[in-house]
Amino acid sequence: MQATVVLVHGAWHGAWCFDRVVSRLAQAAISTIAVDLPGHGAGSGAFGDLHDDAARVCDVLADLDGDAVLLGHSYGGAVITQAGTHPAVRHLVYLCAFPLDLGESCAAAAADEAAGLSHDRRPNLADAFVSHSDGTTTLNPDGAARCLYNDCDPETLRWALSQLGPHPMVTLGQAPNAVAWRERPSTYVVCTNDMAVHPDLQRILARRCTAGVEWPTSHSPFASRPDLVAELLAELATT
């Protein structure tokens, strides 16, 4: 039976970031749901923490009639690590994401990068943070462009930057209370031109997954190479 593809965005994004992937999967007759985490994108209500975000995804999974292929991008990997133990999940996809372990947060995992995984000169995403009194951050446009969309054309860049929003930083310091990649088949996508999450760190995290692939893209292949994302998901949903 064909699975439904469920897409979970990362920090500062919303379901909008998968528009190009969703349209391609629709052309292939693959049922797809892009989730807005609480407070993000077109979603209503207040921001949540990691556990609230995972609960939102579990609500979506509970409404499905059949299995799901569950993808998490970047911080969304932490979300699917917790939510992915739902019985509807057939396969997990970590897109330059964080398959965390118990007791581990995104911030802790990213600290390995700061410890010197590579000596190449790279922009630092944290330099783009704009902090706000409510505990959220936004990204300044120049930093977001360098770190997230460095392989995108100008039109794509304008589209993405115009829709980025705030993200609650508490989520990046929290650990999941379940670890789906220990229970479900999983695929890790390493993005080798990523300027936000170091590819060497991604390769370390990818060892936790059942399978892995590498793409020569930025941190945002859903924007620059949606064909690659859609092809992988269509294959997983139909096998």
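Bear in mind that the values in this text are calculations on the coordinates, not laboratory data. From a predicted model like this one, the values you see are computed outputs, not experimental measurements. Reconstructed Cβ throughout: ideal geometry from the backbone, glycine too, with neighbour counts over all protein chains shown.
Of the peptides 103-111, 213-221, how do they stack up when ordered by the mean number of other Cβ atoms within 10 Å, highest first? Don't jump to the answer; show the numbers that get you there.
Details: 103-111: 16.0, 213-221: 20.4.
Averaged packing, sorted descending, gives the order 213-221, 103-111.
Which value, in debye to the nearest 20, gives the size of the charge dipole of the chain about its Cα centre, when Lys and Arg are +1 and Asp and Glu are -1 at the Cβ?
280
If packing is taken as the average number of other Cβ atoms within 10 Å across a peptide's residues, how do 61-74, 87-100 rank, most packed first?
Result, highest mean Cβ count within 10 Å first: 87-100, 61-74.
Multiplying the sequence separation of Ala28 and Asn124 by 0.36 nm and subtracting their Cα-Cα distance, what value in nm do you get? Walk me through the numbers before you get to the answer.
Details: separation 96, 0.36 × 96 = 34.56 nm, distance 3.76 nm.
Additional length available on full extension: 30.8 nm.
Please list, ordered by chain and number, the residues whose modelled amide H lies under 5 Å from the amide H of Gly84; skip anything fewer than 5 residues away on the same chain.
Residues meeting the amide H criterion: Ala180.
As an exercise, identify the trypsin sites (Lys or Arg not before Pro) in region 131-239 lying in DSSP coil whose Cβ has no more than 13 other Cβ atoms within 10 Å.
Answer by residue number: Arg207.
Mean residue ellipticity at 222 nm from the helices of the chain, using -39,500 (n - 2.57) per DSSP H segment of n ≥ 4 over the full residue count, to the nearest 500 deg cm²/dmol?
The helix-only estimate for the chain comes to -9500 deg cm²/dmol at 222 nm.
Provide the percentage of antiparallel DSSP beta bridges, counting only those with both residues in the chain; round to the nearest 5.
Numbers: 5 of 29 bridges.
Taking every DSSP beta bridge within the chain, about 15 percent pair in antiparallel fashion.
So if I take the centroid of the Cα atoms in region 127-193 and the same for region 12-47, what is the distance between those two points in Å?
15
Could you run the Karplus curve 6.51 cos²θ - 1.76 cosθ + 1.60 with θ = phi - 60° over region 219-227 and give me ³J(HN,Hα) per residue in whole Hz, x for Gly and Pro?
Those phi angles translate into 5, 10, x, 4, 9, 8, 9, x, 4 Hz.
Shape of the chain from its Cα gyration tensor (a ≥ b ≥ c, root eigenvalues): rounded if a/c is under 1.5, otherwise prolate when a/b > b/c, or oblate?
Rounded, because the longest to shortest axis ratio a/c is under 1.5.
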